[in-house]
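Remarks on the structure that follows.
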Amino acid sequence: MQCVSNILNFFNHLLFYFNGYKTVSNDQTVHLNNFGTFGASTSAARMGRNPRTGAEIHIPESKRIKFKAFPAFKAAVNEKL
């Protein structure tokens with residue numbers, strides 16, 4: 001768990017340091033060498049269901065953050081497991 005915490009902490013600092021959050025929010029990508037690529041995608045509006053009541057609800061379109069790890073980063077993480 002410490003490894004995951006360190007990765008998330010690193011991610012937070014990098015995004016704010018490089019103003020990546022502004023770039024990603026403008027539908028551009030942020031490439032971090034030997035780490036990965038961050039980007040935004042749009043999820044379409046859809047119908048969902050309230051699990052408590054079973055009532056159908058409308059879920060509006062929204063933006064989501066995507067991350068694709070570079071192969072070297074994936075290999076380094078998998079080596080430690």
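Each value in this text was obtained by applying a stated rule to the coordinates, not by laboratory testing. Quick caveat, the model's predicted, so the values are computed rather than measured. Backbone-built Cβ (ideal geometry, glycine too); neighbour counts: all protein chains shown.
Some notes on this structure:
- Listed by chain and number, the aspartates and glutamates placed with their C-alpha closer than 17 angstrom to that of Lys66 are Asp27; residues fewer than eight positions away on the same chain are left out.
- Order by protection proxy (mean Cβ within 10 Å, highest first), peptides 51-61, 29-39, 69-79: 29-39, 69-79, 51-61
- Estimated vicinal HN-Hα couplings, Hz - the stretch 57-65 in sequence order (Karplus 6.51, -1.76, 1.60; Gly, Pro = x): 10, 8, 9, x, 4, 8, 9, 10, 8
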